[in-house]
1. How many residues are among the aliphatic types (A, V, I, L, M) and under 19 Å from the mean Cα position of the chain (by Cα) if we restrict to the stretch A:142-184?
2. List every residue pair whose Cβ atoms lie under 7 Å apart, where the two residues are 6 or more positions apart in sequence or sit on different chains, the first residue falls within the stretch A:47-59 and is away from chain B (no Cβ under 13 Å) and in contact (Cβ under 8 Å) with a residue 60 or more places away in the chain, and the second residue, located anywhere, is open to solvent by 10 Å² or more (accessible area, probe 1.4 Å) and within 8 Å of ligand 2 (Cβ to nearest atom).
3. Considering only residues that are within 16 Å of ligand 1 (Cβ to nearest atom) and either more than 9 Å from every other protein chain (Cβ to nearest Cβ) or free of Cβ contacts under 8 Å to residues at least 40 places away in the same chain (or both), which ones fall in the stretch A:123-165?
4. Consider A:SER88 carefully, then state whether it is more than 16 Å from ligand 1 (Cβ to nearest atom), within 14 Å of another protein chain (Cβ to nearest Cβ) and under 18 Å from A:PRO170 (Cα atoms).
5. Looking only at residues that are of a type outside the set (Lys, Arg), open to solvent by less than 30 Å² (accessible area, probe 1.4 Å) and not in a loop (DSSP other than H, G, I, E, B) in the stretch A:45-71, which one is nearest to A:PHE25 (Cα to Cα)?
6. Does A:VAL182 count as away from ligand 1 (no atom under 16 Å from the Cβ), under 30 Å from A:HIS218 (Cβ atoms) and at pLDDT below 90?
7. Determine which member of the set A:SER19, A:SER39 is within 15 Å of the chain's Cα centre (by Cα) and either in contact (Cβ under 8 Å) with a residue 12 or more places away in the chain or within 13 Å of ligand 1 (Cβ to nearest atom) (or both).
8. Among what's in the stretch A:43-59 and is of a type in the set (Val, Ile, Thr) and in contact with an Asp or Glu (Cβ under 8 Å, 6 or more places away or on another chain), pick the residue that is nearest to ligand 2 (Cβ to nearest atom).
Amino acid sequence: MSNDAIRNDESVVVAKGLSKHFGDFVAVDNFNLEVKAGSIVSLLGPNGAGKTTIVRMLATLSEPTSGSATVCGYDVVRDADAVRGVVSLTGQFAALEDNLTAQENLLLMARLRGYPKGSATRIVEGLIDRFDIGEFRDKLVKSVSGGQRRRVDLAASLVVQPKVLMLDEPTTGLDPRSRQVVWSTIRELVQAGVTLFLTTQYLEEADALADHIVLIDHGRVVAAGTPSELKSQIGDQRVDVVGVDASAVVLIVDALSATFQVVVDHNRRTVSVPAPHDLADLAAVTSALSGVGAHIDEIALRRPTLDDAFLALTGQVPESYENEPAMKEVTP
Amino acid sequence: MTMTLASMTRPGDEPLPRRPGSLRRFLRETGLLIVRGLQTIPRVPQRLSDVTIQPLVFTLLFLYVFGSAIHIKGMSYQNYLLPGLLGQSLAFGVIGAGVATATDFNTGVIDRFRSLPVTRLSVISSQVIGQILEQILGIVIVAGMGLALGWRPHMSPFGFVEFLLLMLLGLSAFTWFGVLLGMIVKSSDAMQGIGFAIVFPLSFLAGTFVPIAGMKLIPRTIGDWDPLSALVASVRHVTQGTNTTGSWQLAHPVVSMIFWCFLIIAVCVPLALRRFMNSN
Ligand SMILES: Nc1ncnc2c1ncn2[C@@H]1O[C@H](COP(=O)(O)OP(=O)(O)OP(=O)(O)O)[C@@H](O)[C@H]1O
Ligand SMILES: [Mg+2]
């Protein structure tokens, strides 16, 4: 397949029965994937799920124990060099030369991609502007902050515009502003025809960016689909009522359990009831609660989140932005 | 940060250069990576001092402090010590190469290179060549210092070429060994530890500073068969014409050293390449 002529419905990344064993330990088990050209596919899973292992196999850094995968039609084992020509990878941990400056690192990557000095320098200047690296461009990478490193690392994988960009947890450790830059860069790259394969532990990130989400746990695919397909697997929307304290929760449950099927989450002081009829159900809940005298923090109509999806499908709650403020996307 | 992709010099705007033939590519990439290694030397004070200050201190310390109590029959201590120090520098190359390799693997920068369309052979050869250049710097400093302080080698032009070739062979062997060790232990601290626990004592027992023949039974036995002894004895043989007595390898130091070096290369190179090409 000629990689210049990728049609829109063409699968750019295909994995078939991909497995990786470390000794007796099965890190990835029979993983299948198809990523269409120009789409964003997100691999979502908790720590140790096998995300990095999958990315490393697709980026030719690690050989699969069994199964096969192709990128732009090139086999990741037999045509590894050709795969490296079309893929750019930003691994989970910044992979830079600590004792070179940010600018020298970027220049080295551009030169290694084959550019002569002149155009390499122009490319690097563009990236320094885009990722706001100017301020620390001449500092040794070992002495810049974690988030700054991360930005240099991302810039380093964009010295060429790759056919496929693989990002392993690209926004972990970034401040909200830098996260916005990454998100908008990702969207622009997709506009420009780049296919994105990214991993994340953040549901919001997968939800906000991805066209297609693959949920994995313990090396196996747990569920896959568009964000809304995944959500609909979990069920309908619901009304959440949050009490100010434990006694309020008891009052709320008393008031609602007569008419509704309630689910109580004591940790979050939340009482949930199914709300298939939108506003009518919301109204019913509010009227049932009026005059009960329970102090209520919040009452809201909610669509199921990927959190719920995860909980339902794997029985565990993944890491979320819950405790980190300002993680929601800010639309400018 | 407000720029959009359209307004910046987009990577795609620069035409990607045509890929040259594989040999040119290999040489170009190896060159770029060697330069990257050398660029970092002055920025890691410890690496710099390992190849400059440390050999200087050793030379001075042994020449003027311990040396005053050591008397070698028939030659000045300078002429005894300097070949020993040159041999020791070769052996310390194991530590230098190991630490540099372990560090590269730890920071993930090797993974970055491996994920680029760069010939993998160039990544590992640049590592080896860069290390050899770094060690040569240290060796030149030691030799220069020695000459200034009264070391007088006796070499014919042929002997000088023999000396250079032996040094180069030793450097290659010990550097490959170091690169392999660095990949196996994967931690620069552990590499330093191995250096101090194994290479350091072995280099002291190798007849570097005092003759092996005068040592007590156990150190003498170790020294007799220590590969580093062959190294030191052979450097001493080609630079001063001195013959060492003792075990077979000491009586035939040049042949033994060539044997050891080829053995190390024959074992380490394939192992290192295999590890490098398909590590996980
Ligand atoms: N080189 C290795 N040797 C042995 N086990 C490994 C190796 N690499 C990964 N593993 C194991 O494989 C499993 C999957 O690891 P992986 O790094 O792919 O997880 P992940 O989904 O990326 O996790 P995280 O979110 O923490 O980055 C883990 O249990 C890990 O311990
Ligand atoms: Mg990971």
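1. 10
2. Matching pairs, first to second residue: none at all.
3. A:GLY146, A:ARG150
4. Criteria met by A:SER88.
5. Going through the qualifying residues, I end up with A:THR53.
6. yes
7. Unique residue meeting the criteria: A:SER39.
8. Going through the qualifying residues, I end up with A:THR52.
The values are calculated or read from the model by the stated rules, or taken from the named source; none is laboratory data. These numbers come from a predicted model, not from an experiment. Note that we place each Cβ from the backbone using ideal geometry, even for glycine, and neighbour counts take in every protein chain shown. Ligands, DNA and RNA are stripped out before the accessible areas are found, and what is left, the full protein with its side chains, is counted by its heavy atoms. Shrake-Rupley method; radii C 1.70, N 1.55, O 1.52, S 1.80 Å.
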